[in-house]
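Undergrad: Got a structure for you, written out below as structure tokens; questions coming shortly.
The values are calculated or read from the model by the stated rules, or taken from the named source; none is laboratory data. All of these numbers come straight from a predicted model, not from anything done at the bench. Counting neighbours? That spans all protein chains shown, and the Cβs are built from the backbone with ideal geometry, glycine included.
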Ligand code: NCD
């Protein structure tokens with residue numbers, strides 16, 4: 001694997017190999033000394049042109065726990081704010097001998113473009129409303145662990161995954177749908193018609209605007225954030241109406257199967273797409289997703305960089 005740009009590029013065996021190695025990496029998190037020599041001498045630059053808490057921090061921790069040198073570059077404070085193009089910035093940093101770039105950018109396609117300019121490996125940490133492959137991988141990791149602890153087996157076949165909310169502005173949804181194509185889960189997308197991406201009818205997923213119709217059968221309910229910062233105009237009448245139709249309210253929580261997992265990539269708008277009762281429920285996997293984020297990113301970085309250049 002040279003880059004990780006889209007979950008659509010992963011074969012089933014590559015995806016499973018990433019999830020399996022992440023299980024081992026997760027063990028490191030429980031140790032008091034969290035350090036593996038795996039990426040000693042490798043240099044990883046985290047380039048975040050958009051805000052992030054979880055993704056940026058977990059990539060940095062993942063690199064550090066594997067002994068890589070990790071450096072953070074943000075648009076503010078770099079020459080990007082002086083008008084340097086993305087291409088020139090990438091070529092400049094690539095010339096320093098960097099091994100891997102982890103890039104988040106507000107434009108869909110920008111990360112794939114950057115990958116074409118540099119010698120180093122590139123990981124897409126979220127490009128516009130397009131893709132967020134490591135998020136989908138950590139989601140799958142979290143689902144698999146949940147299924148195991150609930151006695152539902154190891155596989156995704158036959159599992160019903162509902163992804164609910166602002167799908168139009170979400171890069172998480174596309175990466176999850178593409179990943180489940182190889183993992184085998186059955187995805188249903190739930191959103192008001194105004195928040196469905198164009199072309200969604202060609203995705204490998206059923207689509208509905210009736211959240212209540214999927215509640216009692218779902219094995220996973222993944223709630224997505226209402227991305228107000230990406231909305232130019234009103235996509236729904238009022239927040240209260242949105243919550244009534246598409247929020248995981250206390251009433252809807254009560255209708256879920258007892259074995260169902262509640263997920264959210266964060267950041268959560270409590271009281272809008274998810275109630276506090278659901279976010280903090282025993283079946284909420286939200287913090288497990290965060291914890292899995294470090295292990296899965298360690299695994300991804302190892303798959304890209306590990307064992308290379310040991311001549
Ligand atoms: C998501 C993102 O940035 O795409 N968050 C994340 O990475 N944990 C989803 C979001 O911003 O709502």
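Undergrad: State which residue is farthest from residue 150 (Cα to Cα) when the search covers only segment 233-262 and only residues that are more than 16 Å from the ligand (Cβ to nearest atom) and under 24 Å from the mean Cα position of the chain (by Cα).
TA: So the residue we want is 243.
Undergrad: Please verify whether segment 207-226 includes one or more residues that are at pLDDT below 95 and away from the ligand (no atom under 16 Å from the Cβ).
TA: No.
Undergrad: Turning to a different aspect of this structure: Just name the residue that is nearest to the ligand (Cβ to nearest atom) out of those in segment 282-311 that are in contact with a strand residue (DSSP E or B) (Cβ under 6 Å, 6 or more places away or on another chain) and in a loop (DSSP other than H, G, I, E, B).
TA: 285
Undergrad: Residue 157 passes all but one of (1) assigned to a helix (DSSP H, G or I); (2) more than 14 Å from the ligand (Cβ to nearest atom); (3) within 30 Å of residue 24 (Cα to Cα); which number fails?
TA: Tallying (1) assigned to a helix (DSSP H, G or I); (2) more than 14 Å from the ligand (Cβ to nearest atom); (3) within 30 Å of residue 24 (Cα to Cα), residue 157 fails exactly one: (1).
Undergrad: Right, residue 125: buried (at least 24 other Cβ atoms within 10 Å of the Cβ), under 30 Å from residue 188 (Cβ atoms) and outside the structural domain of residue 41 (by TED's automatic domain parsing) or not?
TA: When the stated conditions are applied, residue 125 does not pass them.
Undergrad: Which one of the conditions (1) surrounded by 13 or more Cβ atoms within 10 Å (Cβ to Cβ); (2) touching a strand residue (DSSP E or B) at 6+ places or on another chain (Cβ under 8 Å) does residue 276 fail to meet, given that it meets all the rest?
TA: Result: residue 276 fails condition (1) only.
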